[in-house]
Amino acid sequence: MVKAVVLGAAGGIGQPLALLLKTNPLIDELGLYDIVNTPGVAADLSHIATPAKVEGFLPPNDGLKQVLTNADIVVIPAGVPRKPGMTRDDLFKINAGIVRDLATGIAQTAPKAFVLVISNPVNSTVPIVAEVFKKHGVFDPKRLFGVTTLDVVRASTFVSEVLGDLSLSKSVTVPVVGGHSGVTIVPLLSQSSHPLPSGFAQDKYDALIKRIQFGGDEVVKAKDGAGSATLSMAYAGAEFASKVLRAVKGEKGVKAPTYVSLAADPKGAEALKKELGQELEYFSSIVELGPEGVVAISPLGSITEQEQTLIKAAVPELSTNIQTGVSFIGSSK
Ligand code: NAD
Ligand code: LMR
């Protein structure tokens, strides 16, 4: 029996994500939690003719504890989204406290669950969850993930557009490493499963990198004050959750880029440290998944000089973002 839980399930991401999880045959039970509207969302989804049993919870009557009881995997899209002109870091003020409180609930009720963090800024909210878990003595770095799949999905789409064939987008894979905001998003186009056309011009390369790094802004701008990516994020979140569950069920060789604590694989961390030129506590790289979560974190491998430059720009910002998350828990009561 697998129980999946969505915290923030009535939101722009939460609802379509819950819909996709309801159709996932690997899930037997789906728990939905939000501060509003989950009974309605749960009632609606419960009419879909798939086996997962759906229940909705609100904060009264220990709703968080109830939804988290027996949870195997918890996905967190709770929190405020950006408006035009904001950076993801501008969301920290509100979302840090939301994520801290939800992480406390998970640490108390479902400390062994796999935790998938979507709430922004991911570079800082993942360290927040880890620090809360450490405070409760239940931190297992192999079971905590920052969801960076949307960057990977965007890279597949935009590269297949460049190749002039959107039908390739399902098979184009590009490792996107680093973190999840602006310059911390580093697409390794030299390792794309489908190489760029030979003689691809430098300005076109730069524009493609920028589009992957700032794809979120494109959606924020188009939504014009009504929020950020929700549908593509729900798709990406469901894809990543499905990978975690396939690995839990014993499928071998399941891999995905995801933002993890490097303590999950000390050997991989050592190799990354050499490549990055400094130690970071968290980094998104290709991670092999297994029944207990992280099996191995891949080093970057062979990358181009241009990609080295992108990594150099990402590392200091990532380091600051990580410290912001860690200090928040150090200083909060
Ligand atoms: P939204 O406002 O539509 O939904 C957020 C939901 O969270 C709301 O239903 C709200 O009631 C709920 N919520 C707020 N406080 C809560 C609490 N304490 N407990 C439970 N639920 C609570 O926002 P959205 O568009 O769904 O975005 C959610 C978050 O995901 C944002 O922070 C956004 O920046 C982030 N995001 C991340 C990625 C990524 O790639 N990781 C992509 C898109 C969006
Ligand atoms: C995204 O990449 O779409 C999300 O992180 C949301 C945002 O704020 O851009």
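The values are calculated or read from the model by the stated rules, or taken from the named source; none is laboratory data. These figures come from a predicted structure and were not determined experimentally. All Cβ positions, even for glycine, are placed from backbone atoms using ideal geometry, and neighbour counts span all protein chains on display.
Restricted to segment 1-69, the set of helices (runs of 4 or more DSSP H) holding at least 1 residues that are surrounded by fewer than 18 Cβ atoms within 10 Å (Cβ to Cβ) and acidic (D, E) comprises 38-46. Consider A263 carefully, then state whether it is part of a loop (DSSP other than H, G, I, E, B) and either among the charged types (D, E, K, R) or modelled with pLDDT of 95 or more (or both). Answer is no for this residue. Scanning segment 222-229 turns up one or more residues that are more than 13 Å from ligand 1 (Cβ to nearest atom), among the charged types (D, E, K, R) and modelled with pLDDT of 95 or more.
Scanning segment 290-321 for residues that are hydrophobic (A, V, I, L, M, F, W, C) and farther than 19 Å from D151 by Cα yields a total of 3.
Once segment 163-222 is narrowed to residues that are hydrophobic (A, V, I, L, M, F, W, C) and within 13 Å of ligand 2 (Cβ to nearest atom), the residue that is farthest from the chain's Cα centre (by Cα) is A222. Within segment 142-173, restricting attention to residues that are surrounded by fewer than 18 Cβ atoms within 10 Å (Cβ to Cβ) and not polar (S, T, N, Q), which residue is farthest from K112 (Cα to Cα)? If we take residues in segment 142-173 being surrounded by fewer than 18 Cβ atoms within 10 Å (Cβ to Cβ) and not polar (S, T, N, Q), then G164 is farthest from K112 (Cα to Cα).
Check segment 121-137 and report whether any residue there is near ligand 1 (Cβ under 9 Å from one of its atoms) and not hydrophobic (A, V, I, L, M, F, W, C). Let's see the steps before the verdict.
Residues of segment 121-137 that are near ligand 1 (Cβ under 9 Å from one of its atoms), as a first pass: 121-122, 125.
After this cut, where a residue has to be not hydrophobic (A, V, I, L, M, F, W, C) as well, the list is 121, 125.
The answer is yes, given that some residue of segment 121-137 is near ligand 1 (Cβ under 9 Å from one of its atoms) and not hydrophobic (A, V, I, L, M, F, W, C).
Scanning segment 75-97 for residues that are closer than 16 Å to I35 by Cα, of a type in the set (A, V, I, L, M, F, W, C) and either near ligand 1 (Cβ under 8 Å from one of its atoms) or not in a helix (DSSP H, G or I) (or both) yields a total of 4.
Residue-by-condition table, conditions (1) part of a loop (DSSP other than H, G, I, E, B); (2) under 26 Å from L102 (Cα atoms); (3) without any contact (Cβ under 8 Å) to a residue 40 or more places away in the chain:
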| residue | (1), (2), (3) |
| --- | --- |
| K273 | no, no, yes |
| E279 | yes, no, yes |
| V294 | no, yes, no |
| G301 | yes, no, no |
| K312 | no, no, yes |
| N321 | no, yes, no |
| I329 | no, yes, no |
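Whenever a residue of segment 236-249 is touching a residue at least 12 places away in the same chain (Cβ under 8 Å) and part of a helix (DSSP H, G or I), its partners that are among the aromatic types (F, W, Y) and surrounded by 17 or more Cβ atoms within 10 Å (Cβ to Cβ), lying with C-beta atoms within less than 9 angstrom and at least six residues away or across chains, give the pairs F240/F145; A241/F114; V244/F114; V244/F145; L245/F114; V248/F114. Comparison of V244, V176, V260 shows that the only residue that is within 12 Å of ligand 1 (Cβ to nearest atom) and crowded, with 18+ Cβ neighbours inside 10 Å is V176.
Within segment 34-55, is even one residue on the phi < 0 side of the Ramachandran plot, without any contact (Cβ under 8 Å) to a residue 40 or more places away in the chain, within 14 Å of ligand 1 (Cβ to nearest atom) and of a type in the set (S, T, Y)? There is at least one residue in segment 34-55 that is on the phi < 0 side of the Ramachandran plot, without any contact (Cβ under 8 Å) to a residue 40 or more places away in the chain, within 14 Å of ligand 1 (Cβ to nearest atom) and of a type in the set (S, T, Y). Considering the conditions (1) assigned to a helix (DSSP H, G or I); (2) free of Cβ contacts under 8 Å to residues at least 60 places away in the same chain; (3) buried (at least 16 other Cβ atoms within 10 Å of the Cβ), D206 is excluded by exactly one of them, (3). Once segment 1-47 is narrowed to residues that are β-branched (V, I, T) and more than 17 Å from P60 (Cβ to Cβ), the residue that is farthest from ligand 2 (Cβ to nearest atom) is V2.
Scan segment 115-140 for residues that are touching a Leu at 6+ places or on another chain (Cβ under 8 Å) and more than 11 Å from ligand 2 (Cβ to nearest atom) and the total you get is 6.
The C-beta contact set for segment 76-89 (first residue of a type in the set (A, V, I, L, M, F, W, C), second residue modelled with pLDDT under 95, distance under 7 angstrom, 6+ apart or interchain) is empty.
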